[in-house]
Amino acid sequence: MENDSKPPPLVQIRGLSKKYLIKKSLFNKEYFYAVNNVSFDIQSSSIVGLVGESGSGKSTIGRLLLKLVQKDSGEILFNGKNIYKYTKEEEKQFRKETSIVFQDPRTSLNPRWKIKDIIEEPLIVHNFPKKERKQLTEKAITDAGLDTSFLDRYPSELSGGQRQRVAIARAIVLSPKFIVADEPTSALDVSIQLQIVNLIKKLQKEKNIAFLFISHDINLVGILCDYVVVLYRGEIMEKGDKEAVLKNPKHPYTKLLVASIPPKSPKERKNFKEIPEVFREDIKEGCVFFHRCPYADEICKQKPPVKTLKNQEVYCHFV
Ligand SMILES: Nc1ncnc2c1ncn2[C@@H]1O[C@H](COP(=O)(O)OP(=O)(O)O)[C@@H](O)[C@H]1O
Ligand SMILES: [Mg+2]
């Protein structure tokens, strides 16, 4: 019954992999998987948190989803359609309906352009008439929480939080359905982070935009997201509804992450029993978390199968 009423996911990711060459001699080519066999869905107007430590493949996934990086294998469907099989017209529509916000607005905004030119550019690319461009630019900056007096300024005259609002204004100016927000708060002061998180939440609610919110901060992911995907060394460890994954983590890695969230009360602390970190040797195959897992055993030298629970899926032999 539940499934009948659920609309199809906006983004469907199936077995997505991306490898990079690390050593190349005459006879020896070695690849490592920055992203390995990753599958998850993003529902329309939902916020999916992609969490993992630095180097775990988060940005690569974000870029793969927007075709800024070419995949090696797997499929990505947007609105039910394979993004690698677009016609020219469909490709243009895809570019219009998707956008990205980067971590550091100091480097992502052209310092020589006025704010209005930065926000307006996507409208020029998509051939909007001049009058409409002005109107949509003003609407976008207002929706991003800045008043229109900022339009005549330069990025250097703005604070970090204001610059990130400009990057968000640019990302929403074409009324997209899906935005990849790649660590959009990581370069900001803690006090400003929450403002940007609240802005993303507001845009999701009011404009029905779906977000992939990339972060290494499970605390922020818990505040903002509906669904959580936990990544380690390019592979999914656990994914599921936020409530399930954060209140009842099943994978040892998710448990370690969740144990790092500061508890609101001493009572809650009991639920998040910290597990000790253990360091073991690395193995070539099998579970990628083997070398740090407190519970690792012989069987973990084989790839863990996916275990499907009610509201989450876990890649661990012991679940
Ligand atoms: N163009 C590239 N060439 C080679 N290695 C890359 C390239 N892009 C990313 N990587 C590697 O892939 C891994 C994942 O990177 P990334 O997706 O940026 O991780 P994250 O965003 O989680 O920090 C890292 O080990 C990184 O060094
Ligand atoms: Mg990154």
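None of the figures in this text is laboratory data; all of them are computed from the coordinates on show. Everything numeric here is computed off the predicted structure, so don't read it as measured data. Cβ: placed from backbone, ideal geometry, glycine included. Neighbour counts: every protein chain shown.
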- [ ] Mind scanning LYS81/LYS116; LYS131/LYS202; LYS92/LYS247; LYS85/LYS202 and naming the pairs with a C-alpha gap bigger than 30 Å?
- [x] LYS81/LYS116; LYS92/LYS247; LYS85/LYS202
Open item on the list: Under a crude label model (7 Å from the Cα following the beta-carbon direction), how far is ILE22 from PHE279 in nanometres?
Closed with: 1.7 nm
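Counting only chymotrypsin sites (Phe, Trp or Tyr not before Pro) that are in a DSSP loop and have at most 11 other C-beta atoms within 10 Å, tell me the longest site-free stretch of the chain.
28-278
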Open item on the list: Quick check: Cα centre of region 153-192 to Cα centre of region 218-264, how many Å?
Closed with: 25 Å
Open item on the list: Taking the number of other C-beta atoms within 10 Å as the exposure measure, put VAL69, VAL229 in order starting with the fewest.
Closed with: VAL69, VAL229
Open item on the list: What are the ³J(HN,Hα) couplings of region 199-212, residue after residue, when phi is run through the Karplus curve with 6.51, -1.76, 1.60 and θ = phi - 60°? Round to Hz, x for glycine and proline.
Closed with: 5, 4, 4, 5, 5, 4, 5, 7, 10, 6, 8, 8, 10, 9
Open item on the list: Given a Förster distance of 45 Å, report the FRET efficiency between ASP241 and THR142 from their Cβ-Cβ distance, rounded to the nearest 0.05.
Closed with: 0.85
Task: Under Karplus coefficients 6.51, -1.76 and 1.60, residue-wise ³J(HN,Hα) of region 96-111 in Hz, glycine/proline x - done: 6, 8, 10, 7, 9, 10, 8, 4, 10, x, 5, 9, 8, 9, 5, x
Task: Ranked SER156, SER108, criterion: other C-beta atoms within 10 Å, fewest first - done: SER156, SER108
TODO: Could you go through region 288-295 in sequence order and give the Karplus-derived ³J(HN,Hα) for each residue, using 6.51 cos²θ - 1.76 cosθ + 1.60 with θ = phi - 60°, rounded to whole Hz, and x for Gly and Pro?
DONE: 6, 8, 2, 5, 10, 8, x, 9
- [ ] Among PHE102, PRO129, LEU158, flag the residue with its Cα farthest along the positive direction of the charge dipole of region 91-158, charges on Cβ as +1 for Lys/Arg and -1 for Asp/Glu.
- [x] PRO129
Task: Inter-label distance, nm, simple model (7 Å from Cα along the C-beta direction), ASN37/SER149 - done: 5.8 nm
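Dipole size in debye (nearest 20) for the chain around its Cα centre, Lys and Arg Cβ +1, Asp and Glu Cβ -1? Write down the numbers at each step before the final one.
On the way: 53 positive and 40 negative charges, 80 e Å.
Magnitude of the dipole: close to 380 debye.
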Task: HIS291-SER191 FRET efficiency (beta carbon distance; Förster radius 30 Å; 0.05 resolution) - done: 0.25
TODO: Can you pull the one-decimal nm distance between simple spin-label points at LYS201 and GLU53, each 7 Å off the Cα toward Cβ?
DONE: 2.9 nm
- [ ] Hey, could you grab the Kirkwood Rh for the chain? Inverse mean 1/r over distinct alpha carbon pairs, Å, one decimal.
- [x] 21.0 Å
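How do LEU68, LEU109 rank when sorted from fewest to most other Cβ atoms within 10 Å of their own Cβ? Intermediate values should be presented prior to the final figure.
On the way: LEU68 12, LEU109 22.
Least to most surrounded, the residues fall as LEU68, LEU109.
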